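The values are calculated or read from the model by the stated rules, or taken from the named source; none is laboratory data. None of the values given here were measured: they were computed from a predicted structure. Here Cβ is always computed from backbone atoms with ideal geometry, including for glycine, and neighbour counts include all displayed protein chains. Just the protein is used for accessible areas: all its heavy atoms, side chains included, with ligands, DNA and RNA removed. Shrake-Rupley method; radii C 1.70, N 1.55, O 1.52, S 1.80 Å.
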Amino acid sequence: MPAWSVCKGDTGGPTLGTANGRTVVVGVNSQSWQGGCLGTDPAETRTGASAARVDDLAGWVQQVAYGPAFAGAPWENAVQMTAGYYTGGSAGGTRHMDLIVVWDDGEVTLYQGGEGNDPAHPFSAEYQLAPRKSIWLKALSVTSVNTGGGTDGLVVRWIDGEMTLYTTVDAKGFHGEKQLAPAKNETWRDDAFQLVGGRFTAGGHRDDLLVDWKDGHVSVFNDVAVNGLKKQTQVVAKNTTWPHATQLTSGSFTGKTTDDLLVRWSDGETTIYPGMNGKSLPGEIKIRPAKPDKSNWADATVVAAGAFTANTTADDIIVRWSDGHVSLFPGVDTKGLHDEFRLAPAK
């Protein structure tokens, strides 16, 4: 029998190949002409066979297998979320954005983005970056930035007013710590309200920091990796509206060259400011009304945007709701929210 024949009894068996010098399974045998096999008409010389390809399914299998573990996490205790490329990958690559979650007991978890496009299973593995009862109990705000390192990093505002930049974060933890503001800093302890990282000025890395202050004024700190918190531009003057901005996140919802700012207000209204320019606030686009009859976004307790499905632009939104359930809204754009996929149930 020729070595390449697939005979009766071989259906479902592996088709092997070579990748990077190793033998790997690339398919599952299906059917063949069985030329040269025992019991086959000697006149049959055809040995061609077909197989179902499986070497491109590993990412999908991993995502689906991980789904129940993700859903079973205590999501009602998630207090901060931010997205970035922490475990490899970049826009346009196969691996999607990862999600960092800070829990109310001080644990920090990194959820690795998958490689499939199934919005119901966006993550494929998890890593513990900090254990329970860690210093991260004192983290008031975390937001993803990119400073030009091998992976994305984090800016953290601590309860005592200290501001910290971790230039890179990966599955092993936080690296390249730089202090942006010292502890017991009254400005960042008492006056800062919400903050979010992004590319809000043309060029450079995604390491601008937008801050909403308690008196309503809004500032952009340009290139914090280089300038720290020294280069500040006020984009909104003191007012009575912005103290109601309850959740901030940045993403690419409108196709602009700079990031868009998404704001969830205290009454549930949710708006996008397209293409932040670091100098003034663009005209807003409302994607959710205030106090609707259904799906009140006032209950959207923690919000993060990223590229969790198609790895091109960060236009997917993950929400942890007040009852603990988690939703993914893929492909958010100027027309608003579209499909909703529930990733975890209410607790």
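By per-residue mean of other Cβ atoms within 10 Å, what is the highest-first order of 224-235, 197-208? Mind showing how you got there, number by number?
Numbers: 224-235: 15.8, 197-208: 20.5.
Peptide ranking by packing, descending: 197-208, 224-235.
Can you give the FRET efficiency for T11 and D118, using 1/(1 + (r/R0)^6), R0 = 22 Å, r = Cβ-Cβ distance, to the nearest 0.05?
0.20
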Here are some values of Kirkwood radius over Cα pairs in Å: (1) 20.5; (2) 22.0; (3) 19.8. Which one was computed from this structure? (2)
Among the listed pairs K256/K286; K138/K184; K214/K294, give every one whose C-alpha distance is greater than 23 Å. K214/K294
Multiply the residue separation of N239 and R46 by 0.36 nm, subtract the distance between their alpha-carbon atoms, and state the gained length in nm to one decimal. 61.5 nm
Can you compute the helix-only [θ] at 222 nm over the chain? Use -39500 (n - 2.57) per DSSP H run of at least 4 residues, normalise by all residues, nearest 500 deg cm²/dmol. -1500 deg cm²/dmol
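Relative contact order, percent, of the chain when contacts are C-alpha pairs under 8 Å separated by at least 6 residues?
Answer for the chain is 12 percent.
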Full extension from S30 to A91: what is 0.36 nm times the residue separation minus their Cα-Cα distance, to one decimal in nm? 18.3 nm
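Rolling a 1.4 angstrom probe over the protein heavy atoms, how many square angstrom per residue are accessible across the chain?
46
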Just name one of T240, P182, I159: the one whose Cα is farthest towards the positive end of the charge dipole of region 142-255 (beta-carbon charges, Lys/Arg +1, Asp/Glu -1). T240
Residues in region 102-126 near a label at V64, defined as backbone nitrogen under 18 Å from the 7 Å Cα→Cβ point? 114-125
For the chain, which whole percent of the accessible surface, found with a 1.4 angstrom probe, sits on carbon and sulfur atoms? 50
Peptides 261-272, 287-298: what's the order by average Cβ count within 10 Å, highest mean first? 261-272, 287-298
For the chain, whose charge dipole is built from +1 on Lys and Arg Cβ atoms and -1 on Asp and Glu Cβ atoms, the candidate among G198, A78, S50 with its Cα farthest towards the positive end is G198
What angle do you read, to the nearest 10 degrees and between 0 and 90, between the alpha-carbon axis of helix 58-71 and the longest principal axis of the chain? 50
Calculate the FRET efficiency for D293 and H338 from the Cβ-Cβ distance with a Förster distance of 22 Å, rounded to the nearest 0.05. 0.70
Please give the charge dipole size of region 38-132, origin at the Cα centre, charges +1 on K and R Cβ atoms and -1 on D and E Cβ atoms. Round to the nearest 20 debye. 180
